[in-house]
Amino acid sequence: MDGGAWLERRLASRKGLAPSTVREERRLARIINEAFGGTSLEDLTPMQIRAWVDGLEYSHRTQLMVLRVLRTALDEAVALELISRNPAAPIKLQRKPRQTTPRRGRSTRPCGSCRQTAAVGSTPST
């Protein structure tokens with residue numbers, strides 16, 4: 001069975017999901033199908049998936065979600081004995097680097113209580 005057919009079958013079998021969840025999972029499945037839609041589940045390798053993930057030009061959040069959908073679908077394929085192992089299991093995304101610049105709207109000046117504390121120790125100039 002190829003990856004695209006498996007994802008479609010899996011999505012169709014999931015009942016009771018909110019419409020927004022179905023829309024989001026279909027969107028993520030389209031991203032996966034662009035890369036692996038015609039590839040047999042047995043032929044998927046961790047190196048193929050790693051190279052694909054590294055080349056994704058989506059937000060970090062979308063990359064995480066796409067990998068989660070792929071990993072979950074392949075876990076289910078393993079449970080149903082369609083494949084013997086999950087090639088997406090060893091794939092980890094690098095952590096998103098922390099933001100080092102101040103966020104917009106935040107002041108770099110000391111807060112009011114900090115200014116008051118500093119003013120207590122100073123002498124007034126006359």
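The values are calculated or read from the model by the stated rules, or taken from the named source; none is laboratory data. On a predicted model such as this, the values are computed, not experimentally measured, just so you know. Heads up, the Cβs are rebuilt from the backbone with ideal geometry, glycines too, and the neighbour counts pull from every protein chain shown.
Here are the numbers for this structure:
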quantity	calculated
Selection from the stretch 40-86 of residues that are among the basic types (Lys, Arg) and farther than 17 Å from residue 14 by Cα	50, 61, 85
Helices (runs of 4 or more DSSP H) completely within the stretch 1-76 that count 3 or more residues being touching a residue at least 60 places away in the same chain (Cβ under 8 Å) and surrounded by 14 or more Cβ atoms within 10 Å (Cβ to Cβ)	3-13
Residue within the stretch 85-97 that is under 18 Å from residue 5 (Cβ atoms), at pLDDT 90 or above and over 15 Å from the mean Cα position of the chain (by Cα) present	yes
Filtered residue count, the stretch 26-39, keeping only those that are more than 14 Å from the chain's Cα centre (by Cα) and under 16 Å from residue 9 (Cβ atoms)	7
